[in-house]
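A quick write-up on the structure given underneath.
Only the coordinates and a few stated rules stand behind these numbers; no lab work does. Computed from a predicted structure; not experimentally measured. When we count neighbours, we look across all protein chains shown, and the Cβ atoms used for this are built from the backbone with ideal geometry, even at glycine.
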Amino acid sequence: MRHRLAIRDLSLVLACTLVALYWVYAVDVFENESGIAKKEATIELDEALLVGGLLALGLLLFAWRQYVRQRRETARRIAAEKHARELAYLDGLTGLPNRRQFDEALREAIGSPPRAGASHGLFLLDLNGFKQINDVHGHGTGDEVLVIVGQRLLAGMRDGDMVARFGGDEFAILAKHLTSAEAATNVAMRAIEILDEPVTAGGAIHRLGVGVGIALLPQDARTCEEAMRKADVALYRAKAEKRSALRFFEPAMDARVQERSAIERNLRAAIDTGAIEPVFLPVVRLATGEITGFELKPHWRQPDGSVVPEERFIPIAEETGLIHALAEDLLRKGCQAAMAWPPHATLSADLFSGQLKDQLLTARIVRLLHETGFAPGRLELEITESALVADPESAGALLATLRTAGIRVVLDNFGTGYSSLYHLRNFKLDAVKIDRRFVEGIATDAESASIVSALVGLGHGLGMSVIAEGVTAPDQEASLLGRGCETGQGPLFSAPLSAAATLDLFGHPQKRSSLT
């Protein structure tokens, strides 16, 4: 466009010059010298000078227009580059520095060590309760909340401290030249106090919390990537508090994170290769010693021979979504093993909290039972009280479909104080398991014995069978039997058994194994 305008202007100057030449040639602009006929006249010197002057004036005007146009173009480019830098370095919603600008400032801070005895502080912040605001009030209100949060953090920090937004509800603060860890604590506490005040947005009042992870430089890290990773590790620990909290990075945290990461990698491989096998804990009729069934438990032995405890890898499986594949694989193997048991023997398995929202879970279990030939009436699925109460709507819908399919449902950890009579009545459970903490003290502690008696009476009153877990001694067994508890399980009867070892117990109802 710019070149087209220049050619147009230059063409106009040339056209005017040609017109002027023709004019002075055809018309005697200045009076001719005496004695020269008009037909012999040509362009005289004074006329040539006139044309030259007009040409020079035209070229001068052309140059001036080009200069003005060039200045406008330069100004436009400078403005466009400034806008592009703003887009590249600022968050479009809050106007705060974004991740790119923050990383550059962090690298600069790492390259400029603080004075002796001081440190730079890197703070990563993650809001608590923000997802609920988005879900209930919409993303427009959520954006308004984020803008207010950014303004509050910016106003509450020291001059020279950088407040940035990385995206979502994640913010970061870079505070330079902190005199001590207490000074870093004060910065984090200021952020917590600022966000403790309710936020008014979208016509409603919202309460937020914040987790703050802190890494000090250069004590904790000497590169930008390492500093961000360690602050994120500290933030993970702060978020685990489920409330506003701050955590400094500690080497032990890093060790735990690395260990967890290793377990997750190994867990994925173990699930893919089927290395996690089911073991079976016998359930015994207390009055006769008869084996009524087995509870399935996962057993993970690693290639080096070490055993990973269930409480270490099950939470990781739930967090990562691996629990679905793991639970289905274990249940399939358990049903295949149970096909060799007598027809009266049942198989019980855990329903994990991560499975409760799976609307196709019942269909998958029914298909699995069909493929293995295991009768639905012999399968019992156990759900903990905490999982039942945490999401009663999802749990209720799932349990109803399971019962319709003929599968029995057992309430685990009964007596831990989560469930209510409403849940017990409306979820139509088949059995309850008394938590091992009450069973441990039943023979020696009068309060535990009274609680067990009440739980047994409540279960029977609602038409449910009662199972005691964690039975370790004969006096506990006798006390349970005297209070009307029908069945029990625990180390007194047997350690967890392999599928092959379960067959040895049938035909020997009084056998109590001490296998490990």
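What FRET efficiency would be calculated for the residue pair ARG100, GLU311, taking the C-beta separation as r and a Förster radius of 60 Å, to the nearest 0.05? Working from the Cβ atoms, E equals 0.90.
Do any trypsin sites (Lys or Arg not before Pro) in the range 152-213 lie in a loop, going by DSSP, with at most 16 other beta-carbon atoms within 10 Å of their beta carbon, and if so which? Of the trypsin sites (Lys or Arg not before Pro), the ones in loops of the range 152-213 whose Cβ has at most 16 other Cβ atoms within 10 Å are ARG158, ARG207.
Is there a pair in LYS131/LYS239; LYS239/LYS297; LYS297/LYS333; LYS131/LYS176; LYS131/LYS242; LYS131/LYS357 whose C-alpha atoms are over 20 Å apart, and which pairs would that be? Those over the limit are LYS239/LYS297; LYS131/LYS176. Counted residue by residue at 0.36 nm each, then reduced by the alpha carbon distance between them, the extension gain from THR288 to ALA325 reaches 9.6 nm. When peptides 212-221, 243-252 are ranked by their average number of other Cβ atoms within 10 Å per residue, the highest-first order is 212-221, 243-252. Summary of packing: across the peptides 67-76, 330-339, the per-residue average of other C-beta atoms within 10 Å ranks them, highest first, as 330-339, 67-76. Shape of the range 290-390 from its Cα gyration tensor (a ≥ b ≥ c, root eigenvalues): rounded if a/c is under 1.5, otherwise prolate when a/b > b/c, or oblate? Note, shape of the range 290-390 comes out oblate. Distance in nm between label sites at GLU393 and GLN66, each 7 Å beyond Cα in the beta-carbon direction? Inter-label distance under the simple model: 7.3 nm. Each Lys or Arg adds one and each Asp or Glu takes one away; over the other residues whose Cβ falls under 12 Å from the Cβ of LEU424, this sums to 0.
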